[in-house]
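The values are calculated or read from the model by the stated rules, or taken from the named source; none is laboratory data. Here the structure is a predicted model, which means the values were calculated and not measured. Note: ideal-geometry Cβ built from the backbone for every residue, glycine included; neighbour counts use all protein chains shown. Accessible surface areas use protein heavy atoms only, side chains included; no ligands, DNA or RNA. Shrake-Rupley method; radii C 1.70, N 1.55, O 1.52, S 1.80 Å.
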Amino acid sequence: MISQAPPGATAPVYTLADSSVSTPVLDIVVPVYNEQTDLASSVRRLADHLRRHVPYPARITVADNASTDDTLAIAVGLVDELDGVRVVHLDEKGRGRALNAVWQRSDAEIVAYCDVDLSTDLNALMPLIAPLVSKHSDIAIGTRLSRSSRVVRGPKREFISRSYNLILRTAMGARFSDAQCGFKAMRADIARELLPFVADTGWFFDTELLVLAEQIGLRIAEIPVDWIDDPGSTVDIMPTALADLKGCARVGLALAMGRLPIAQLRASIGRDRAAGPQIDGVPKGLVGQLARFCVVGVASTVAFAVLFLALHSFLGAQVSNLVALAITAVLNTAANRRFSFGVRGRDNALRHQLFGLGVFVFGWLVTAGSLLLLHTVAPDATKHIELIILVIANLVATLTRFVGLRWVFRKAPGHGAEVAA
């Protein structure tokens with residue numbers, strides 16, 4: 001039969017055979033493409049583990065995505081052999097496409113997946129789903145990069161994996177440690193809300209899902225796993241890595257341009273992690289906002305110093321201060337708007353920049369006055385002394401900037417969490 005595609009699904013799913021119970025607690029999907037060699041032994045091993053070690057009704061869903069060998073026939077044969085197995089088929093290839101479609105349609109409480117090679121030790125399965133059963137977490141991922149994980153794989157794969165996760169942390173601000181470990185689970189109610197906005201149909205699906213989950217404040221549990229590389233893996237590493245980098249650029253641009261409904265998703269299913277830690281007596285969100293504001297402030301100060309010193313030799317102190325302050329003020333307002341205060345999209349962006357311009361004028365008056373006073377007291381001061389005075393004066397202006405920006409962003413559309421005035 002063909003089930004109706006939910007919003008965001010990219011392909012119909014054909015259910016070909018099913019020996020499982022309805023509404024299981026756990027639905028663990030094994031996406032496959034031309035895996036006739038390993039499929040039967042892996043599914044038997046997984047079914048045995050579920051029977052022995054998982055105290056909840058569970059289903060194994062073999063999700064065949066356009067295999068051209070005997071994978072599909074072998075999978076259907078396993079349904080006659082084993083209880084708790086379902087086989088579905090998609091006409092189009094793509095691991096992400098298969099997971100997205102099957103997870104959105106699942107009637108289980110928790111959806112999960114593992115790679116067909118079962119490289120991850122299945123003893124990590126119960127720790128993976130436990131925080132989801134208790135609703136302590138929304139998503140759970142296996143990580144090979146924890147200190148307590150035990151991993152056996154070649155240096156090439158190790159280098160690529162760690163480099164990719166470093167890129168995610170630096171370029172996209174990701175806090176999860178291992179995007180591509182083929183061992184993940186999430187609450188099905190969360191999956192139905194979030195997955196329509198995950199566009200990738202291939203290997204980047206995992207990363208896109210986790211980045212969006214963090215953006216809307218979902219809680220991600222990380223479980224250290226033991227993992228042994230499959231030397232017979234058919235994954236082509238370099239094209240996959242390049243596709244992942246393109247995916248990072250696409251998602252980063254979509255977030256920067258406000259093309260994703262982050263605020264709405266955060267309001268409906270998020271846990272408001274963007275509000276930051278809470279301290280008694282301190283308005284909600286203030287601690288996190290102040291911490292992020294300081295990060296932006298340090299970066300702005302460094303940029304200001306570099307520009308001031310570069311321009312000083314041919315523009316002089318006052319003009320260099322004005323130009324450097326103007327450039328960094330525009331960038332500072334944009335960065336604080338999105339990063340510190342969680343305002344996304346284009347709504348009121350011009351108004352926010354105009355307010356930032358007013359803050360800039362105040363900052364310029366403070367710094368220009370400080371320079372004027374310095375030159376009156378010490379006319380022969382070097383440019384480095386001038387820079388020190390300007391940095392100190394900027395610290396005074398920064399306090400005003402934080403209070404002002406927090407006020408102007410407190411009810412901005414797209415703001416993740418309204419700030420207490």
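Just a few scattered comments:
- Note on the stretch 157-185: residues that are within 21 Å of L242 (Cα to Cα) and in a loop (DSSP other than H, G, I, E, B) total 10.
- Those residues of the stretch 52-75 which are open to solvent by less than 50 Å² (accessible area, probe 1.4 Å) and small (G, A, S), in sequence order: A58, A63, A66, S67, A75
Condition check ((1) touching a residue at least 40 places away in the same chain (Cβ under 8 Å); (2) open to solvent by less than 70 Å² (accessible area, probe 1.4 Å)) across all residues:
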position	(1), (2)
A303	no, yes
F308	yes, yes
L331	no, no
A335	no, yes
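- Scanning the stretch 312-321 for residues that are surrounded by 18 or more Cβ atoms within 10 Å (Cβ to Cβ) and aliphatic (A, V, I, L, M) gives a single hit, A317.
- Subset of the stretch 131-156 (residues that are in a helix (DSSP H, G or I) and under 22 Å from the mean Cα position of the chain (by Cα)): P131, L132
- In the stretch 142-171, the residues that are open to solvent by 10 Å² or more (accessible area, probe 1.4 Å) and of a type in the set (G, A, S): S146, S148, S149, G154, S161, S163, A171
- Residue tally, condition farther than 18 Å from L166 by Cα and surrounded by fewer than 21 Cβ atoms within 10 Å (Cβ to Cβ), over the stretch 202-218: 1
- Flag if A393 is hydrophobic (A, V, I, L, M, F, W, C), open to solvent by less than 70 Å² (accessible area, probe 1.4 Å) and modelled with pLDDT of 80 or more: no
- In the set A199, A174, A188, only one residue is open to solvent by less than 40 Å² (accessible area, probe 1.4 Å), at pLDDT 85 or above and either over 27 Å from D121 (Cβ atoms) or out of contact with any Cys (no Cβ under 8 Å at 6 or more places or on another chain) (or both); that residue is A188.
- Where a residue in the stretch 46-59 is hydroxyl-bearing (S, T, Y) and its partner, wherever it lies, is open to solvent by less than 60 Å² (accessible area, probe 1.4 Å), with Cβ under 7 Å and at least six apart: Y56/V25; Y56/L26
- Helices (runs of 4 or more DSSP H) wholly inside the stretch 19-112 containing at least 2 residues that are modelled with pLDDT of 95 or more, touching a Gly at 6+ places or on another chain (Cβ under 6 Å) and under 24 Å from W203 (Cα atoms): none
- Near pairs, Cβ below 6 angstrom, 6+ apart or cross-chain, from the stretch 236-256 (within 15 Å of A179 (Cβ to Cβ)) to any residue that is modelled with pLDDT of 80 or more and of a type in the set (D, E, K, R): G247/D200; V251/E208
- Matching residues, the stretch 77-98, being buried (at least 16 other Cβ atoms within 10 Å of the Cβ), touching a residue at least 40 places away in the same chain (Cβ under 8 Å) and more than 15 Å from V13 (Cα to Cα): V79, L82, G84, V85
- Candidates D138, D115, filtered to the one that is in contact with a strand residue (DSSP E or B) (Cβ under 7 Å, 6 or more places away or on another chain) and buried (at least 16 other Cβ atoms within 10 Å of the Cβ): D138
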